[in-house]
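Accompanying notes for the structure given below.
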Amino acid sequence: GHGLPRISVDGVAPVFDNIMSQKKVEKNVFSFYLNRNPQTQPGGELLLGGTDPQYYTGDFSYVNVTRQAYWQIHVDELSVGSQLTLCKSGCEAIVDTGTSLLTGPSEEVRSLQKAIGALPLIQGEYMVSCDKIPTLPVITFNIGGKPYSLTGDQYVLKVRATPASRGRRCGCCGDNRATVASLKGNTGALFGFRACCSPSSCPALCLRLRLPPIQQVSQAGKTICLSGFMGLDIPAPAGPLWILGDVFIGQYYNLFDRDNNRVGFAKA
């Protein structure tokens, strides 16, 4: 991708490094615009060597890269309205177009979900009541001394639930692969499991599930509203980290500056 050479597979020069070495661009920068409105075109733009003023307003604000691997920067603080402050002593974050959501340490994200009234679904996703979107608190990342805010309609995703999600984000109808993995080796099932007993001698398996009301009713065919935040624990020494994915990038045009090792943000 467009990460830095330190994380390239087998030491192969990344695409943009090859472009720079051949002096194919006027400036050693590239920029991203992601359109979060599915009803309009284009869906986005990657521009090598510069920026496209038609997709942003105002000037860029820059923040230095803190670790040259992914595009990692320092976040001063994260606030959820006036009711919750996270990342109080500062934290590290990666600006990543390859991540759809905004992710962060699980404990902090749980606090955030509670503050916005989100209810847990399966696979780490959280659901928000669609009619409450206009009243959701503004979530603000303070980066380089400047606020980058997301309103409820910007950090909540509207998704049409289907019986078989097939890769679409729909935690209430996807299979729970973590549960399947934890059961491997503990029963005599043959498909991908260890056969440790015959069908007649296999132990009884009893599952007790405690589900909130929202998980007890199928949402198939309905439009559901998912929180754009998800918990993801990245262990040391790389982590803990927040990942500023497409939910964030869709609101702020990104400029990646290789010569000065910095990331720039402008209002999309």
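The values are calculated or read from the model by the stated rules, or taken from the named source; none is laboratory data. As the structure is a computational prediction, the values presented were derived from the model and not from experiment. Cβ placement follows ideal geometry from the backbone for every residue including glycine, while neighbour counts extend to all protein chains displayed.
When the residues of the range 121-149 are filtered to those that are farther than 14 Å from Ser82 by Cα and buried (at least 18 other Cβ atoms within 10 Å of the Cβ), the one that is modelled with the lowest pLDDT is Leu121.
Answer with yes or no whether Lys132 is without any contact (Cβ under 8 Å) to a residue 40 or more places away in the chain, over 19 Å from Thr223 (Cα atoms) and either in a helix (DSSP H, G or I) or of a type in the set (Val, Ile, Thr) (or both).
Values: without any contact (Cβ under 8 Å) to a residue 40 or more places away in the chain: yes; over 19 Å from Thr223 (Cα atoms): no; either in a helix (DSSP H, G or I) or of a type in the set (Val, Ile, Thr) (or both): yes.
The answer is no for Lys132.
When Tyr55, Tyr62, Tyr70 are checked against the criterion of being touching a residue at least 40 places away in the same chain (Cβ under 8 Å), of a type in the set (Phe, Trp, Tyr) and more than 17 Å from Ala266 (Cα to Cα), a single residue qualifies: Tyr70.
If you go through the range 221-238 and keep only what is assigned to a strand (DSSP E or B) and closer than 21 Å to Ser111 by Cα, you end up with Cys225, Leu226, Ser227, Phe229, Met230, Gly231.
One residue stands out among those in the range 150-168 that are part of a strand (DSSP E or B) and farther than 30 Å from Ile73 by Cα: the one that is modelled with the lowest pLDDT, which is Arg160. Within the range 27-50, the set of residues being outside any strand (DSSP E or B) and surrounded by 15 or more Cβ atoms within 10 Å (Cβ to Cβ) comprises Asn28, Asn35, Arg36, Gly49.
For the range 102-118, the criterion of being in contact (Cβ under 8 Å) with a residue 24 or more places away in the chain, surrounded by fewer than 20 Cβ atoms within 10 Å (Cβ to Cβ) and in contact with a Lys or Arg (Cβ under 8 Å, 6 or more places away or on another chain) is met by none of the residues.
Only residues that are buried (at least 17 other Cβ atoms within 10 Å of the Cβ), polar (S, T, N, Q) and not in a loop (DSSP other than H, G, I, E, B): list them for the range 69-101, please. Steps first, answer last, please.
The first filter runs over the range 69-101 and keeps only residues buried (at least 17 other Cβ atoms within 10 Å of the Cβ), leaving 70-73, 75-76, 78-80, 86-87, 91-97, 99, 101.
Still in the running and polar (S, T, N, Q): 72, 79, 97, 99.
Listed by number, the residues that qualify are Gln72, Ser79.
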